[in-house]
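Reading through the structure tokens given below for one structure.
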Amino acid sequence: ALGGVVGASAVLMKMPWMLLVAGAIYAVESLSVFIQVVSFKLRGKRVFKMAPIHHHFELSGWKETKVVGVFWLITIVLCIIGFATLRFDIF
């Protein structure tokens, strides 16, 4: 329900691109699950060791704290870029 409210708000305020940029990490997480399922159904092979993608990194040897830190950093950078689009009216 919360995601629907955020999405509807972005559309009503005519800022869907800002939401896509700021929430890109969530889109990547969802897309990784979609890719994994489609790949397994069509080819019988998995693209990632485990989906969503943060589990793939954990199974690749990254500590959970490193995964969280990297994803936080990416989210912060993307949010700054998203808010910059508001300031400079890029989209």
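Quick note: the coordinates plus some simple rules give every number you see, no bench work behind them. Fair warning: this is a prediction, and the values are worked out from it, not measured in the lab. Glycine gets a Cβ as well: all are built from the backbone with ideal geometry, and neighbour counts include every protein chain shown.
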Taking Cα pairs under 8 Å and at least six residues apart, what relative contact order does the chain come out at, in percent? 34
With +1 on the Cβ of every Lys and Arg and -1 on the Cβ of every Asp and Glu, the dipole magnitude of region 17-88 about its Cα centre, in debye rounded to the nearest 20, is 300
Checking the cross-link filter: which lysines have an alpha carbon closer than 24 Å to that of Lys41, excluding same-chain neighbours under 8 positions apart? Lys49
Once the mean 1/r over all distinct Cα pairs of the chain is inverted, what Kirkwood radius in angstroms do you read off? 14.8
Along region 38-55, Karplus-curve 3J(HN,Hα) (6.51, -1.76, 1.60; θ = phi - 60°) to the nearest Hz, with x for Gly and Pro, reads 5, 4, 5, 5, 7, 10, x, 10, 9, 7, 10, 4, 7, 10, x, 4, 5, 6
Determine, from the Cβ-Cβ distance of Lys66 and Phe34 and an R0 of 30 Å, the FRET efficiency 1/(1 + (r/R0)^6), rounded to the nearest 0.05. 0.75
³J(HN,Hα) across region 11-25 via Karplus (A = 6.51, B = -1.76, C = 1.60, θ = phi - 60°), whole Hz, x for Gly/Pro? 5, 5, 8, 6, 9, x, 5, 5, 5, 5, 5, 5, x, 4, 5
For the chain, take the longest principal axis of its alpha carbons; what is the angle in degrees between that and the long axis of helix 64-88, to the nearest 10 within 0 to 90? 30
